[in-house]
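A quick write-up on the structure given underneath.
The values are calculated or read from the model by the stated rules, or taken from the named source; none is laboratory data. Note that the coordinates shown come from a computational prediction; the quantities given were computed from them, not determined experimentally. As a convention, Cβ positions derive from the backbone with ideal geometry for all residues, glycine included, and neighbour counts pool all protein chains shown.
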Amino acid sequence: MEAGATDGEVLTAEWCTHRFDHLAPELVDQLQPTLAQMREHCPVAHSSEHGGFWIVTKHADVVRVAQDWESFSSEDGITIPGGPSPIPAIPEMVDPPLHREYKRLINAFFTPQAVLEHEDATRDLVNGLIDEVIEAGSCDFMDDFARPLPGLVFFERFLHAPSEELAEVNRLATVASVPTTAEGREARGVMLRWIGAFAAQRREQEPQGDVVDAILGAEIEGRPITDLEVVGMLQLLLFGGLDTTAGALGQMMIRLCHEPAIVDLLRTRPDQVTAAVEELLRLDGPFIFIGRTARRDAVVGGQQIKQGDKVLLSWVSANRDDGEFSTPDEFDLTRTSNRHVAFGAGPHRCAGSHLARMNLRIALTEVLRRMPDLRLQDDAAPIPFHSMYNRAPVRVPIAFTPGPREA
């Protein structure tokens, strides 16, 4: 952090304008005020860090760049110290028209109607996790609920992967979500090897008609899909479906504990839970940044971006832009428009958004039903967050009025 900035202060204007670093540890606790300052004073800024890149923070500019894949490529993102993943995440790091061939393989399994078929099973999984802690009246929400839930749903309902391996895969996904550390890079390598072994195992089994079979049997541009492509696609499904949803759940719980009026409102108006999920995603989305590379010269927010320049988009900044949202820092269910970009925008928008929404909606419904008097534990230390492209609390210790098990 630049000299002169202290805890509780926004990082300095000079830092925001010229030396913004999305990997800076200081940014974790100052993310929203820093991005607010950038939206006001330097909405499209150029940083000298990491070889140089642009950072785009306003809603209209973020959406414009995300939708314009012909000018801004997803194939090369912002350089991460230590190097990128050895296997690209597919189709996130592929541009149209090839991108469409990959995405069509998975889209059918994550439509609203397809996801609806898993609702009852998901509610059972949610209540099973609540049963494990409900009598104690306290838990670490991340360890006991937020991290296990998306993995349970995904492993059991979509991947048909061995349930006994879920805990380790969840752990690897959490550690690997911070790829700037040696531990993170090692965890990603271990996870990629696990995915490769899982895919090989599934090839030897009878088809189950799931998304894994669709990927394994795919043809890409008239040829059989390669093993590396299979791993790349399953990698994206796992990373997109585990740590990010866990992060959204964790941030949701923090806000519920800090703003009990939201809890009171939703307990009296359960019909508003779906809208509440959208507003919570807008306020506290788990996807922070994503990188693009300019394929040709372009002007964004009045700034000249040259071919080959790196560009970093901030989804969470766009979601707090007062040019798009009135009272952007407040929870407001009366909004007539909520065009948030918590799941991205353009052709690379998250394919699993409907599944994430279902997990969040059912989790919120059942937590409110069964956990009265939600609060952070009195002796809880400040909540730390992972720093990187995804934002997830490391721990969220909560307390509540104990209740009975239901199973």
The residue from ASP120, ASP131 that alone is in a helix (DSSP H, G or I) and closer than 25 Å to ASP373 by Cβ is ASP131
Taking first residues from the stretch 135-158 that are farther than 12 Å from ARG395 by Cβ and second residues anywhere that are at pLDDT 95 or above and among the basic types (Lys, Arg), the pairs with Cβ under 9 Å that are 6 or more apart or on different chains are GLU135/ARG405
Per the list (1) charged (D, E, K, R); (2) touching a residue at least 12 places away in the same chain (Cβ under 8 Å); (3) within 30 Å of ALA318 (Cα to Cα), residue check on ASP210 breaks on (3)
Original post:
Before we move on, is GLU92 of a type in the set (Asp, Glu), surrounded by 14 or more Cβ atoms within 10 Å (Cβ to Cβ), in contact (Cβ under 8 Å) with a residue 60 or more places away in the chain and over 15 Å from LEU355 (Cα atoms)?
Top reply: yes
Scanning the stretch 306-344 residue by residue, the ones that are free of Cβ contacts under 8 Å to residues at least 12 places away in the same chain and of a type in the set (A, V, I, L, M, F, W, C) total 0
Only unsatisfied item for SER314, checking (1) of a type in the set (S, T, N, Q); (2) within 18 Å of MET93 (Cα to Cα); (3) out of contact with any strand residue (DSSP E or B) (no Cβ under 9 Å at 6 or more places or on another chain), is (3)
When ALA187 is run through (1) surrounded by 20 or more Cβ atoms within 10 Å (Cβ to Cβ); (2) free of Cβ contacts under 8 Å to residues at least 12 places away in the same chain, the failure sits at (2)
Filtering the stretch 195-207 down to residues that are closer than 17 Å to GLU165 by Cβ and assigned to a loop (DSSP other than H, G, I, E, B) yields GLU204, GLN205
Discussion item. Just checking, does the stretch 372-386 include any residue being part of a loop (DSSP other than H, G, I, E, B), surrounded by fewer than 20 Cβ atoms within 10 Å (Cβ to Cβ), among the charged types (D, E, K, R) and modelled with pLDDT of 85 or more?
Written reply: yes
THR111 vs (1) β-branched (Val, Ile, Thr); (2) under 23 Å from ASP213 (Cα atoms); (3) more than 21 Å from the chain's Cα centre (by Cα): all pass except (3)
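Output the residues belonging to the stretch 266-319 that are under 22 Å from PHE385 (Cα atoms) and of a type in the set (Val, Ile, Thr).
Passing the criteria: VAL277, ILE288, ILE290, VAL316.
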- Task: Please tell me if VAL190 is farther than 30 Å from VAL62 by Cβ, hydrophobic (A, V, I, L, M, F, W, C) and either modelled with pLDDT under 95 or in contact with a Leu (Cβ under 9 Å, 6 or more places away or on another chain) (or both).
- Result: yes
*asked:* Is it the case, given these coordinates, that ALA60 is within 21 Å of the chain's Cα centre (by Cα), closer than 30 Å to ARG395 by Cα and small (Gly, Ala, Ser)?
replied: no
Inside the stretch 216-256, the number of residues satisfying the requirement of being more than 30 Å from VAL316 (Cβ to Cβ) and in a helix (DSSP H, G or I) is 5
*Looking only at the stretch 123-139, decide whether some residue is in contact with a Lys or Arg (Cβ under 7 Å, 6 or more places away or on another chain), more than 30 Å from CYS257 (Cα to Cα) and surrounded by 15 or more Cβ atoms within 10 Å (Cβ to Cβ).*
no
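Results for (1) buried (at least 19 other Cβ atoms within 10 Å of the Cβ); (2) assigned to a loop (DSSP other than H, G, I, E, B); (3) touching an Asp or Glu at 6+ places or on another chain (Cβ under 7 Å); (4) modelled with pLDDT of 95 or more, shown as yes or no for each residue.
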{"position": "GLY8", "(1), (2), (3), (4)": "no, yes, no, no"}
{"position": "TRP15", "(1), (2), (3), (4)": "yes, no, yes, no"}
{"position": "HIS22", "(1), (2), (3), (4)": "yes, yes, no, no"}
{"position": "HIS50", "(1), (2), (3), (4)": "no, no, no, no"}
{"position": "VAL65", "(1), (2), (3), (4)": "yes, no, no, yes"}
{"position": "GLU70", "(1), (2), (3), (4)": "no, yes, no, yes"}
{"position": "GLY77", "(1), (2), (3), (4)": "yes, yes, no, no"}
{"position": "PRO81", "(1), (2), (3), (4)": "no, yes, no, no"}
